[in-house]
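The values are calculated or read from the model by the stated rules, or taken from the named source; none is laboratory data. Just so it is clear, the structure is predicted and the values come from calculations on it, not from any experiment. Cβ coordinates were reconstructed from backbone atoms using ideal geometry, including for glycine residues, and neighbour counts include every protein chain displayed. Ligands, DNA and RNA are stripped out before the accessible areas are found, and what is left, the full protein with its side chains, is counted by its heavy atoms. Shrake-Rupley method; radii C 1.70, N 1.55, O 1.52, S 1.80 Å.
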Amino acid sequence: MVHDLSTWTEPWEVYSDLGFVVLGVSGAELDLLQVLGFRVEIDEEATRLLAEPRPIGPQIGYGGYPTIPGFACYRTVEGTFMTAEDLVAAYPTLSAWVDAGDSWEMETAGGAAGFDMMVLVLTNQAIPGPKPALFVTSSIHAREYAPAELMTRFAESLLTDYGSDPDATWILDHHEIHLMLHANPDGRKWAETGMLWRKNTDNDYCTNSSLRGADLNRNFSFQWGCCGGSSANQCSEVYRGSAAASEPETQAVQEYLRDLFPDQRGPGLNDPAPADATGVYLDIHSYGDLVLWPWGFTFTQAPNGSALQTLGRKFAFFNGYTPFQATNLYITDGTTDDFGYGDLGVAAYTFEIGTSFFQSCTYFNNTLIPDNMPALLYAAKTVRTPYLTAAGPDALDLSLSSATLSAGTPVTLTATLNDMRFNNSEGSEPVQDIAAAEVYIDVPYWGTSPVAYPLAPEDGNFDTAVEDATAVLDTTGLAAGRHTLFVRGQDANGNWGAVSAIFLWIEPPELEVEIFLPVVIRE
Ligand SMILES: [Zn+2]
């Protein structure tokens, strides 16, 4: 019954075990549900809250930017774009603001309305590429307030932490982060008024009605409309559009993905991407507290399904969400992550963050941000080889016997390697004993002529899945200034985990000063 429902509307919440779903429906759809034999209860409180008039905007909220009336934590589309422009002005060597296409309204109005499909690109431009990349789209469903703001906060934290936080620093030095903060800006402007708008605003469909538009997350060209996971009814919330990638927003995302990532998967549905495939694509939605991965169009496991599951369970370790293949909810086709994985072989995920579309700012600040920032940071760390890295242990609690010392003084590095950090709420991820750990000074393992120094187990043996390890490092010859130590661990199956870093500072040498006294000779 849930699958039947999802062919004409989007279930907001699915409780398969308890036998009910939560939907947002019109009066006509309510009648239809009863005709179809559903027992229906109306949530009067939720209905009242949704019908409550909003304060009239614009309002100035977070960071001094325009925010959604009544939600001072969520920047409007314009407020988000102003923020991105200010970030690029403040961090010109670390960021760029790139036009990736037009929204439907911009395309239709020839530039006189609507929005550019902008991407905030973060990387240290002084270090040349090619670099592996993370691409994130957010709020492609307009009413999902939190995703765009979460990703804006992620960008702000990476840039402000650059130079002081070792992990933020090496991520921006060696990786690229591409954030399409608003993947449906036209629709978002309507949702900012309090409308529960989901689709884009294309008025070729369900012409000019309050049900117009295409569901962009059913419009992607991979397996578009294949499998009963979307609707052909133009007025449906899950209308797939008139053709595969018919919408300009979809085209912008697809073209961006294809420009950014190599095609690493064969044309057959059963062709896997290689184990060392590069790139991560996240599409951030709300809501449901879920981490989902392809396939969405079929119950069959994707050819890289096991590795997708491993990384998904890793993300879910950080945010505490429930991880499973997308079809566990219901069949969907023409979706973002099926395209990212299916077309290019990129490790692609949907996060469903939080507990409502118009999430309260209290919940956003106190729960959504702290839950999801570590998952996003982990995604940014693993983009080089996501299918391999996720299986390996994390390097944690890095410390040095002295953070600042003079060259030639030995320094002791300690770290904890942990192979157990998975969310096992849906099945359990295998773990192995730690087998090795190593540290690189300034040149990471992917750099030119990297040199690995081993860490030794503190208790004498690497024989458990969590191990403390240590190394005494010779600092002879290190130049004065900041150095980066890159640490990673390996498990007994040979999986190297994600790198964590710590800074080591070498003091400038003491200057020997000779003093010459001036001598005045009188004639
Ligand atoms: Zn969504």
**Message:** I need a count of the residues in segment 92-130 that are aliphatic (A, V, I, L, M) and more than 20 Å from ALA252 (Cα to Cα).
**Reply:** 3
**Message:** Within segment 331-396, considering only helices (runs of 4 or more DSSP H) that don't extend past its boundaries, which have at least 2 residues that are open to solvent by 30 Å² or more (accessible area, probe 1.4 Å)?
**Reply:** 369-381
**Check on LEU292, in a strand (DSSP E or B) and not charged (D, E, K, R)** = yes
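Here's the yes/no breakdown for (1) open to solvent by less than 10 Å² (accessible area, probe 1.4 Å); (2) outside any loop (DSSP other than H, G, I, E, B); (3) within 16 Å of the ligand (Cβ to nearest atom):
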position: ALA112; (1), (2), (3): no, no, no
position: MET117; (1), (2), (3): yes, yes, no
position: GLN125; (1), (2), (3): no, no, no
position: ILE140; (1), (2), (3): yes, no, yes
position: GLU149; (1), (2), (3): yes, yes, yes
position: ARG153; (1), (2), (3): no, yes, no
position: SER164; (1), (2), (3): no, no, no
position: ASP167; (1), (2), (3): no, yes, no
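Does segment 328-365 hold any residues that are hydrophobic (A, V, I, L, M, F, W, C) and more than 16 Å from the ligand (Cβ to nearest atom), and which are they?
Keep residues of segment 328-365 that are hydrophobic (A, V, I, L, M, F, W, C), which gives 329, 331, 339, 344, 346-348, 351, 353, 357-358, 361, 364.
Of everything in segment 328-365, those that are hydrophobic (A, V, I, L, M, F, W, C) and more than 16 Å from the ligand (Cβ to nearest atom) turn out to be LEU344, VAL346, ALA347, CYS361, PHE364.
Taking segment 231-258, which residues are assigned to a loop (DSSP other than H, G, I, E, B), among the small types (Gly, Ala, Ser) and at negative phi?
ALA232, SER236, SER242, ALA243, ALA244, SER246
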**Asked** Among (1) farther than 22 Å from GLU429 by Cβ; (2) in contact (Cβ under 8 Å) with a residue 12 or more places away in the chain; (3) in contact with a strand residue (DSSP E or B) (Cβ under 8 Å, 6 or more places away or on another chain); (4) open to solvent by 50 Å² or more (accessible area, probe 1.4 Å), which single condition is THR476 missing?
**Response** (3)
**Request:** May I ask you to list pairs of residues, at least six apart or on different chains, whose Cβ atoms are under 8 Å apart, with the first in segment 281-308 being more than 17 Å from ASN319 (Cβ to Cβ) and the second being of a type in the set (Ser, Thr, Tyr) and open to solvent by 10 Å² or more (accessible area, probe 1.4 Å)?
**Result:** GLY296/THR332; PHE297/THR332; ASN304/TYR387; ALA307/TYR387
**Request:** Considering only segment 259-287, state which residues are of a type in the set (D, E, K, R) and either loosely packed, with under 14 Cβ neighbours inside 10 Å or farther than 20 Å from HIS175 by Cβ (or both).
**Result:** ASP259, ASP263, ARG265, ASP271, ASP276
**Request:** Name the one entry in GLU255, GLU192 that is in contact with a strand residue (DSSP E or B) (Cβ under 9 Å, 6 or more places away or on another chain), within 30 Å of LEU49 (Cα to Cα), touching a residue at least 60 places away in the same chain (Cβ under 8 Å) and away from the ligand (no atom under 15 Å from the Cβ).
**Result:** GLU192
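Condition check ((1) modelled with pLDDT of 95 or more; (2) open to solvent by 40 Å² or more (accessible area, probe 1.4 Å); (3) in contact with a strand residue (DSSP E or B) (Cβ under 6 Å, 6 or more places away or on another chain)) across all residues:
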{"position": "ILE42", "(1), (2), (3)": "no, yes, no"}
{"position": "GLU52", "(1), (2), (3)": "no, yes, no"}
{"position": "ILE56", "(1), (2), (3)": "no, yes, no"}
{"position": "THR67", "(1), (2), (3)": "yes, no, yes"}
{"position": "ALA72", "(1), (2), (3)": "yes, yes, no"}
{"position": "ARG75", "(1), (2), (3)": "yes, no, yes"}
{"position": "GLU78", "(1), (2), (3)": "yes, yes, yes"}
{"position": "ALA84", "(1), (2), (3)": "yes, no, yes"}
{"position": "ALA89", "(1), (2), (3)": "yes, yes, no"}
**Long-range neighbours under 7 Å by Cβ, at least six apart or interchain, first residue farther than 9 Å from ALA96 by Cα within segment 115-132, second among the acidic types (Asp, Glu) and surrounded by fewer than 18 Cβ atoms within 10 Å (Cβ to Cβ)** = ASP116/ASP99; MET118/ASP99; ASN124/ASP173; ILE127/ASP173
**Item:** Single residue of LEU5, LEU18, LEU87, LEU33 found to be of a type in the set (A, V, I, L, M) and touching a helix residue (DSSP H, G or I) at 6+ places or on another chain (Cβ under 7 Å)
**Value:** LEU87
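When you look at PHE516, is it touching a strand residue (DSSP E or B) at 6+ places or on another chain (Cβ under 6 Å), open to solvent by 20 Å² or more (accessible area, probe 1.4 Å) and of a type outside the set (S, T, N, Q), yes or no?
Here the answer is no, as PHE516 does not meet what is asked.
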**Prompt:** Residues of segment 195-218 being among the acidic types (Asp, Glu), out of contact with any helix residue (DSSP H, G or I) (no Cβ under 6 Å at 6 or more places or on another chain) and more than 15 Å from the ligand (Cβ to nearest atom), which ones?
**Reply:** ASP204
**Prompt:** If ALA452 passes every condition in (1) open to solvent by 60 Å² or more (accessible area, probe 1.4 Å); (2) without any contact (Cβ under 8 Å) to a residue 24 or more places away in the chain but one, which one does it miss?
**Reply:** (1)
**Request:** Within segment 262-289, work out how many residues are part of a loop (DSSP other than H, G, I, E, B) and away from the ligand (no atom under 15 Å from the Cβ).
**Result:** 18
**Asked** When the residues of segment 20-33 are filtered to those that are away from the ligand (no atom under 16 Å from the Cβ) and either more than 21 Å from GLU352 (Cα to Cα) or in contact with an Asp or Glu (Cβ under 6 Å, 6 or more places away or on another chain) (or both), which remaining residue is least open to solvent (accessible area, probe 1.4 Å)?
**Response** LEU33
